[in-house]
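Taken together, the values in this text are just the output of simple stated rules run on the coordinates, not laboratory data. Being a predicted model, the structure only gives us computed values, none of them experimental. Positions of Cβ are generated from backbone atoms using ideal geometry, with glycine treated the same way; all protein chains shown enter the neighbour counts.
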Amino acid sequence: MIQGIGASPGIAIGKSFVLPNWEWELPEQKIDVADLAREFERLYEGIRTSKSEIEQMKDELREVVGTEESYIFDAHLAILEDPVFMNEIQGIIQRQYKAAEVAVKEAIDHFVTMFDLLDDEYMKERALDIKDVGNRLLKHLLGAPEITLPMDTQPFILVAKELSPSQLAHLNPSHVLGIATMAGSMTSHSSIMARALGIPLVVGLESKLEEPIQTGDMLIIDGGTGIIHLEPNEELAERYTELQRRQQEASHRLKGIASVRPVTPDGKEMELSANISSLKELDIALGSGTYGVGLFRTEFLYMDRHRLPKEEEQYDVYRSVAEKLSGRPLIIRTLDIGGDKQLDYFELPEEENPFLGYRAIRICLDKTDLFKTQLRAILRASAYGDVKIMYPLISSVEEVQSANALLEEAKRELVAEGIPHRSDIEVGIMIELPAAVMIADLLADEVDFFSIGTNDLVQFTLAVDRMNDQISHLYEPYHPAVLRMLKTTVEAAKRGGIHVGVCGELAGDIRALPIWLALDVDELSMSANSILPIKERLLCMKQQNSRRLFDDLMVCRTSEAVKQLLHDFNQLAEREATAGQHST
């Protein structure tokens, strides 16, 4: 068994095809001064051809995985237009008299090495983009053929050192059972695309293999757990085949409850909404019977491009989502960058503690033009649906009041310009800081709803960076302190008469469902794929039983004790649900 990182769920069983690494034979001799103009022309022609190919891929991919995922290739186009990258190549040609392909290879190596040395996952992923674009340019300069995949119709599991979005765009999903890569992360462009295409993917195998995987090896990959089995025995293959069959059966069964109201046997109805970053994810959510969108992450509009999105661009996207929801609620979170989310063209200061620094609402209240552009776009889109605004990382009443003052300015501007919008648009905040929890009663007087962002709330409550391998085991969502934070927040919302939901990872964690029922939260917002499993469990779990359980949870002294009680409770609920399915 090999333990990697599960990046796109699902099980794949089949023979491997190992994608060869790029290998280039470059000219060693220097060019003559008289040939400089010719080398520059070769470079510019290669850039033009590469741009044309990328634009074509973007158009083709849009039909398969949706508009937003196809914007991944805007980042590749931006690299070919980036003056720093291009100046590096041109400087090597002009000062060192090297051929265009040699200059491109040296520039790629320079920037990739520089980015790989940074302790920043986002920048490491940008290094892969530079390699992808650079290799495309090298291919044209050298006249090298594309690396081709097997032409027969036998599906295979693709194995690669790393898989670029360009390579993934050329895959036929019906021929690729799954993918395993040595490098990569859950947040890479390739992982995003694999999830959109529904292809199981395991990444991060670099140091886990005792011997390399060869083409033709039999593999089992589990994109949910990140486990890979190389040359499995018959018993193991049969076990995973059965697991694969059960997953397919469960998926089919769950589709049958997509239109069923999410109500417990004793009458508690809960809104089950989706967290989305794109229209493609919205399509999946609508197929799962989502109540609405409880968290629309707007960062994708700002990332992987070379300039800030204009008001019209944002408005078009927000309006499209609102119209597609046909009156269902749409909560749009305002720009949440900083920390682990950087913009190439928006220079953020280097900070000792970026997660505690210049990010989210703090940037928006500082860069008011940027913030107001987004607020105007959201307000304009509100004329086409039940749109709401949500501010992230709020720590004080003053921040809410300042943000709302800018919102009122934006409304007055739109009125003066005669542009339709909802003047009574609802405004909420994310509760993700202990400070916000402790003044939740005060904040409830300022807003229309709370949404608990459990990811950051856990991190800040426990002072644990979950991306830090040395202490990630201390990141414990079921810590007794976290339970008390949740209870305090929900009770303050209820006393203030405002709507309260949850939009962090715990919302889609089926183990936590009794907690949300006991606290009587109004909404759970999660990844689209989690909606139906949560609904299935909700339909057979009584709120009154959950409340009795929560009383016991609140006297637990350790995280392990909390998890054990939840485990026992959920095991019983699962048995009752299974018995109910069999009886029907």
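On alpha-carbon atoms, Rg over Rh for the range 446-571 using Kirkwood Rh? Ratio value, two decimals: 0.95. Between residue 293 and 274, 330, 331, the built amide H atoms are under 5 Å apart, and every one of these is 5 or more places off in sequence or on another chain. The stretch between residue 53 and residue 259 holds 69.9 nm of extra length on full extension. This uses 0.36 nm per residue minus the Cα-Cα distance. Put simply, the amide H of residue 226, placed in the peptide plane, has neighbours under 5 Å in 6, leaving out anything fewer than 5 places away on its chain. Quick one: compute the contact order of the chain, relative version, from alpha carbon pairs under 8 angstrom and 6+ residues apart, as a percent. Once normalised by length, the contact order is 14 percent. Once backbone amide H atoms are built at 1.01 Å from N, residue 426 has 389 as its partners under 5 Å, excluding neighbours fewer than 5 places away on the same chain. Treating r as the C-beta distance of residue 210 and residue 25 and R0 as 45 Å, the FRET efficiency rounds to 0.90.
Quick one: of the DSSP bridges fully inside the chain, what percent are antiparallel, nearest 5? Close to 30 percent. For the range 379-449, the alpha-carbon radius of gyration amounts to 1.20 times the rule-of-thumb value 2.2 N^0.38 Å expected for a compact globular protein. From most to least packed by mean Cβ count within 10 Å, the peptides 496-509, 420-433, 556-569 give 496-509, 420-433, 556-569. Taken about its Cα centre, the chain carries a charge dipole of about 1580 debye when Lys and Arg each add +1 at the Cβ and Asp and Glu each add -1 at the Cβ. Nearest 0.05, what FRET efficiency do residue 44 and residue 323 give at R0 = 51 Å with Cβ-Cβ as r? Calculated value: 0.75. Based on every Cα atom in the chain, Rg and the maximum pairwise Cα distance Dmax equal 25.7, 85 Å.
Expressed to the nearest 5 percent, the antiparallel share of DSSP beta bridges inside the range 204-309 is 60 percent. The label point for residue 310 and the one for residue 217, both projected 7 Å from the Cα toward the Cβ, are 5.1 nm apart. Phi angles of the range 519-527 translate, via the Karplus equation with coefficients 6.51, -1.76, 1.60 and θ = phi - 60°, into HN-Hα couplings of 6, 6, 5, 8, 8, 10, 10, 8, 5 Hz per residue; Gly and Pro are given as x. Ordering 451-461, 95-105 by mean Cβ neighbour count within 10 Å, with the highest value first, yields 451-461, 95-105.
Angle check, please: helix 83-96 long axis (alpha carbons) against the longest principal axis of the chain (alpha carbons), in degrees 0 to 90, nearest 10. The angle comes out near 20 degrees. Here's the picture: charge each Lys and Arg Cβ at +1 and each Asp and Glu Cβ at -1 in the chain, and of 317, 519, 302 the one pushed furthest to the positive end of that dipole is 519.
Among the listed pairs 30/161; 310/388; 324/367; 15/51, those with a Cα-Cα distance over 26 Å are 30/161; 324/367; 15/51. In summary, the convex hull built on the alpha carbon positions of the range 349-481 has an orientation-averaged projected area of 9.5 nm². For the range 219-236, the Karplus equation 6.51 cos²θ - 1.76 cosθ + 1.60, evaluated at θ = phi - 60°, returns couplings of 10, 10, 10, 10, x, x, 9, x, 8, 10, 10, 9, 6, x, 6, 4, 5, 5 Hz by residue, with Gly and Pro reported as x.
Normalised by 2.2 N^0.38 Å, where N is the number of residues, the C-alpha radius of gyration of the range 239-339 stands at 1.37. Remark: the range 213-309 carries a charge dipole of roughly 580 debye about the Cα centre, counting +1 on each Lys and Arg Cβ and -1 on each Asp and Glu Cβ. Selection among 554, 337, 204 by position relative to the dipole of the chain gives 554 as farthest towards the positive end (Cβ unit charges, Cα centre).
Residue by residue, the range 312-328 carries 3J(HN,Hα) couplings of 5, 4, 5, 4, 4, 5, 4, 5, 4, 5, 4, 5, 5, 6, 6, x, 5 Hz when phi is fed to the Karplus relation 6.51 cos²θ - 1.76 cosθ + 1.60 (θ = phi - 60°); x denotes Gly or Pro. Dividing the helix sum by the residues of the chain, where each DSSP H run of 4 or more adds -39500 (n - 2.57), gives a mean residue ellipticity at 222 nm of -15500 deg cm²/dmol.
Our compactness index for the range 192-264, the C-alpha radius of gyration over the empirical 2.2 N^0.38 Å, is 1.45.
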